[in-house]
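To start, the structure under review is shown below, and the notes come after it.
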Amino acid sequence: MALHIIKNKSIRVICRGDEIMGFDLGHIISSLKKFDDSENNKEDLEEQKLSDADWINTIKDKRKKELLKIYFEIADVEYEKYRYFYKSIKDYQLDTENRFVKYINKYENEERIIACLRMLSNTKKIVYLGMMESLKNNDYSYLDRALNTYYKLSLLYVRESGADHCISSWNIAPITFVLKRFNDIKKVFPKECGLSTRKVWGGITTNLIMYLYYQEESWKEKVLSDADKFLNTQNPLEYQSIVRALLALINKDFKQFSLELSNICKGRKRTKEYGENKFTKEFSFYSLGLYYFAEYLYPDEVDTITLPDDNNFLTNYLKYRQNNQYLADLYIIEFTEPLKLLEKMFSVDTPAISLTKNGRSYYIDSKAFNDELVKRIMEK
């Protein structure tokens, strides 16, 4: 809905559609002072549209202050480690340097790389650190850098998880989409791995993504059948809406897709997943990521999608990305002397994951992945 202002000689009213949002008090006082000697006392209403940036400026300060307050309240709860947030980029930098000095740099050559891979963490608190700094500095380049850092760490961090490639649908997939790294789907969800055999949300979502990306017609019946069965069970709104959004993309039903983007945002606020908190619930990277995925799949249809009227959708970040060059190779961390190995690792083209069979089930082959990764780092 467009924001506009209605002016006359004594008052200026800020509106959004038919809703009055507030009055420009300074303008009222100034107008009253000039009223007596004004030559234009006639009613002269004029409607002037404000730019998106002006609208953001009218609302961002209050929400920004609220979000920053929530963030730092959580950052103070240090005893709950899974919820702990870094208070600044400097804190993250020093923590990373200290871990390298204490646990990694005492080794040499291949042993150092292996020690580093064991110590790596792809925790999303890096993303939320970038979000906090973006809000604090009114500059989304911090979020660009944080997303890049988290994503690169996620591609390097492959562990035994007790699952197949469906594990990537939780954390890596939405950031892959937000960063528009669609070619990396071949690494995260390789076609050679086939469809996930897991019937949980991650498996259903993985298979929908793989079908949309690879367009393997022989998969379609199973993918749709499993998704339908999943939707007939009790699951959180966020998860159900992600599945429905992907199904809508398969059906090219962009009206339904638009609705599900909004539902994903609503479900995000209600999530009770382990590690989530009041701050993380305020941002739906999945809804924004799926919008970019739709744009990638159907570039000629993207204008028919209605974006959610919801703060969780990261609308401001979307507009920033539309008007600024994306910082593809910049990170939230500086590669100081203790972190030279990490710099080398970040420059490596990571291998695709593969699966290994154990009994009747398939699992990510973390050994094969890490052996190949170490080899590539050694060759740098």
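Tabulated results
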| item | result |
| --- | --- |
| Matching residues, the range 117-142, being in a helix (DSSP H, G or I) and either among the small types (Gly, Ala, Ser) or more than 26 Å from the chain's Cα centre (by Cα) (or both) | 130, 134, 141 |
| Scope the range 340-375; condition in contact with a Pro (Cβ under 7 Å, 6 or more places away or on another chain) and farther than 22 Å from residue 195 by Cα; matching residues | 372, 373 |
| Every pair of residues 6+ apart whose Cβ atoms lie under 8 Å, when the first sits in the range 287-316 and is at positive phi while the second is of a type outside the set (Asp, Glu) and part of a loop (DSSP other than H, G, I, E, B) | 314/283; 314/284 |
| Test: residue in the range 96-114 that is modelled with pLDDT under 95 and under 15 Å from the mean Cα position of the chain (by Cα) | no |
| All positions within the range 215-228 that are free of Cβ contacts under 8 Å to residues at least 24 places away in the same chain and either closer than 19 Å to residue 163 by Cβ or within 23 Å of the chain's Cα centre (by Cα) (or both) | 227 |
| Residue within the range 213-223 that is within 28 Å of residue 310 (Cβ to Cβ), in a helix (DSSP H, G or I) and among the charged types (D, E, K, R) present | no |
| Residue count for the range 189-210, restricted to those that are in a helix (DSSP H, G or I) and crowded, with 22+ Cβ neighbours inside 10 Å | 7 |
| Selection within the range 115-134 - of a type in the set (Gly, Ala, Ser), at pLDDT below 95 and under 24 Å from residue 173 (Cβ atoms) | 121 |
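Yes/no per residue for (1) more than 20 Å from residue 285 (Cα to Cα); (2) small (Gly, Ala, Ser); (3) at pLDDT below 95:
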| position | (1), (2), (3) |
| --- | --- |
| 164 | yes, no, yes |
| 196 | yes, yes, no |
| 207 | no, no, no |
| 246 | no, no, no |
| 263 | no, no, no |
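The rows are residues; the columns are (1) modelled with pLDDT of 95 or more; (2) farther than 25 Å from residue 96 by Cα; (3) in a loop (DSSP other than H, G, I, E, B).
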{"site": "322", "(1), (2), (3)": "no, yes, no"}
{"site": "325", "(1), (2), (3)": "no, yes, yes"}
{"site": "348", "(1), (2), (3)": "yes, no, yes"}
{"site": "368", "(1), (2), (3)": "yes, yes, no"}
{"site": "376", "(1), (2), (3)": "yes, no, no"}
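The values are calculated or read from the model by the stated rules, or taken from the named source; none is laboratory data. Treat the numbers as computed from the prediction; the structure is a model and nothing was measured. For neighbour counting, all protein chains shown are included, and Cβ atoms are generated from backbone atoms with ideal geometry for every residue, glycine included.
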